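Undergrad: Pasting a structure below so you can have a look.
The values are calculated or read from the model by the stated rules, or taken from the named source; none is laboratory data. Source: prediction; values computed, not measured. Note: ideal-geometry Cβ built from the backbone for every residue, glycine included; neighbour counts use all protein chains shown. Note: accessible area is taken over every heavy atom of the protein model, side chains too, but ligands, DNA and RNA are not part of it. Shrake-Rupley method; radii C 1.70, N 1.55, O 1.52, S 1.80 Å.
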Amino acid sequence: MSDADDYPARSAGGARTTTELDARLVRCRACSRLVAWREETARARRPAFRDWEYWGRPVPGYGPADAAMVITGLAPAAHGANRTGRMFTGDRAGDLLYATLHELGLASRAAVTRPGDGLELYGVRVTAPVHCAPPANRPTPGERDTCRPWLVRELQLLRPGVRTVVALGGFGWQAVLPALGRSGWTVPRPRPVFGHGARVPLAPADGTPGPVTLFGCYHVSQRNVFTGRLTPAMLREVLAEAAHAAGLPVERPGPADVTAPGG
């Protein structure tokens, strides 16, 4: 394990594969506040999960190393991915995300509970700008920046095939833009503003083939879903559009299916 503040910057860049990157990431202890929270949560446990052995470590990305589409957004939930050890697994936000991916033919199953449950993602990798569960689901800007080298290297390793990135929520959008800039794409100035359904093409900075399109989507949080800010149809529309742009075989929904509440 490494608790040095510069561990992510030193370690991430040396990874040659996503598997190696994940192995280095789970050893990270760079952010003391997040380490304390994730481990205390794992020790205390929620009564409903008292028989679980919590993961209690950074949660790596999940999906194939040749993914054409990346989904990124906050964050491992204290009793979700911090418990199961797999991104967006074990809470209602992940239930909606994976059910929608399954509906689109991009996941092998709709119901996900834990690693080993048979979930496979097809052409999609799910990750986060901050890999540890934060108190109150709110990482600090410093924690976001400390964790950024992991996302940068992940995008660099995926770059030969990735064509679209979906940012869940404003935090995910603001975190992934500089990561994309450091991974080989040109980020427009001024920086594009987040919005549900936003779509921004990014050209490769070095002139090599491989443009990427960034999509914005409201986060799949319980709050957004319960208040109607994000509906399953709205999520399906963005994911279908991003998958289609990435060259993945999905059906695109019609306009009648995706009316956004409140505009």
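Undergrad: Among 134, 115, 190, 160, which is of a type outside the set (Gly, Ala, Ser) and open to solvent by less than 30 Å² (accessible area, probe 1.4 Å)? Before you say what the answer is, go through the steps one by one.
TA: Working: 115 fails: open to solvent by less than 30 Å² (accessible area, probe 1.4 Å); 190 fails: open to solvent by less than 30 Å² (accessible area, probe 1.4 Å); 160 fails: open to solvent by less than 30 Å² (accessible area, probe 1.4 Å).
When all the criteria are applied, what remains is 134.
Undergrad: Still on this model: All but one of (1) more than 30 Å from residue 160 (Cβ to Cβ); (2) touching a Gly at 6+ places or on another chain (Cβ under 9 Å); (3) at pLDDT 95 or above; (4) open to solvent by 20 Å² or more (accessible area, probe 1.4 Å) hold for residue 66, so report the exception by its number.
TA: For residue 66, the failing item is (1).
Undergrad: Might you check whether a residue that is touching a residue at least 60 places away in the same chain (Cβ under 8 Å), part of a loop (DSSP other than H, G, I, E, B) and within 15 Å of the chain's Cα centre (by Cα) occurs anywhere in segment 77-87?
TA: yes
Undergrad: What is the one condition in (1) within 27 Å of residue 137 (Cβ to Cβ); (2) open to solvent by 30 Å² or more (accessible area, probe 1.4 Å); (3) touching a strand residue (DSSP E or B) at 6+ places or on another chain (Cβ under 7 Å); (4) not basic (Lys, Arg) that residue 201 does not satisfy?
TA: (1)
Undergrad: For residue 109, state whether it is surrounded by fewer than 24 Cβ atoms within 10 Å (Cβ to Cβ), basic (Lys, Arg) and closer than 25 Å to residue 162 by Cβ.
TA: Taking the combined requirement at face value, the residue satisfies it.
Quick grid of which residues meet (1) hydrophobic (A, V, I, L, M, F, W, C); (2) touching a residue at least 24 places away in the same chain (Cβ under 8 Å); (3) farther than 30 Å from residue 140 by Cβ; (4) not in a loop (DSSP other than H, G, I, E, B):
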position: 89; (1), (2), (3), (4): no, yes, no, no
position: 98; (1), (2), (3), (4): no, no, no, yes
position: 105; (1), (2), (3), (4): no, yes, yes, no
position: 109; (1), (2), (3), (4): no, no, yes, no
position: 115; (1), (2), (3), (4): no, yes, no, no
position: 118; (1), (2), (3), (4): no, no, yes, no
position: 125; (1), (2), (3), (4): no, yes, no, yes
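Undergrad: Could you run through segment 53-86 and say how many residues are among the β-branched types (Val, Ile, Thr) and over 25 Å from residue 250 (Cα atoms)?
TA: The total comes to 2.
Undergrad: Using beta carbons and a limit of 7 Å, which pairs, at least six apart or on different chains, have the first residue in segment 50-68 and acidic (Asp, Glu) and the second one part of a loop (DSSP other than H, G, I, E, B)?
TA: Partner pairs satisfying both residue conditions: 66/161.
Undergrad: Then there's this: Given the structure, is residue 220 open to solvent by less than 20 Å² (accessible area, probe 1.4 Å), among the hydrophobic types (A, V, I, L, M, F, W, C), assigned to a loop (DSSP other than H, G, I, E, B) and modelled with pLDDT of 95 or more?
TA: In short, yes.
Undergrad: If we keep just the residues of segment 23-47 that are open to solvent by 60 Å² or more (accessible area, probe 1.4 Å) and touching a strand residue (DSSP E or B) at 6+ places or on another chain (Cβ under 7 Å), which is farthest from residue 59 (Cα to Cα)?
TA: In this case the residue turns out to be 29.
Undergrad: Could you say whether any residue in segment 237-254 is over 30 Å from residue 189 (Cβ atoms), open to solvent by 30 Å² or more (accessible area, probe 1.4 Å), modelled with pLDDT under 95 and of a type in the set (Lys, Arg)?
TA: Yes, the conditions are met somewhere in segment 237-254.
Undergrad: While we're here: Quick one: count up the residues across segment 223-249 that are touching a helix residue (DSSP H, G or I) at 6+ places or on another chain (Cβ under 9 Å), in a helix (DSSP H, G or I) and among the β-branched types (Val, Ile, Thr).
TA: Within segment 223-249, residues that are touching a helix residue (DSSP H, G or I) at 6+ places or on another chain (Cβ under 9 Å), in a helix (DSSP H, G or I) and among the β-branched types (Val, Ile, Thr) number 1.
Undergrad: In this structure, does residue 195 turn out to be of a type outside the set (S, T, N, Q), more than 19 Å from residue 246 (Cβ to Cβ), assigned to a loop (DSSP other than H, G, I, E, B) and modelled with pLDDT of 95 or more?
TA: Values: of a type outside the set (S, T, N, Q): yes; more than 19 Å from residue 246 (Cβ to Cβ): yes; assigned to a loop (DSSP other than H, G, I, E, B): yes; modelled with pLDDT of 95 or more: yes.
Judged against the criteria, residue 195 is a match.
Undergrad: As an exercise: evaluate residue 207 against (1) in a loop (DSSP other than H, G, I, E, B); (2) in contact with a strand residue (DSSP E or B) (Cβ under 9 Å, 6 or more places away or on another chain); (3) farther than 30 Å from residue 42 by Cα; (4) of a type outside the set (A, V, I, L, M) and give the number of the one condition it does not meet.
TA: (2)
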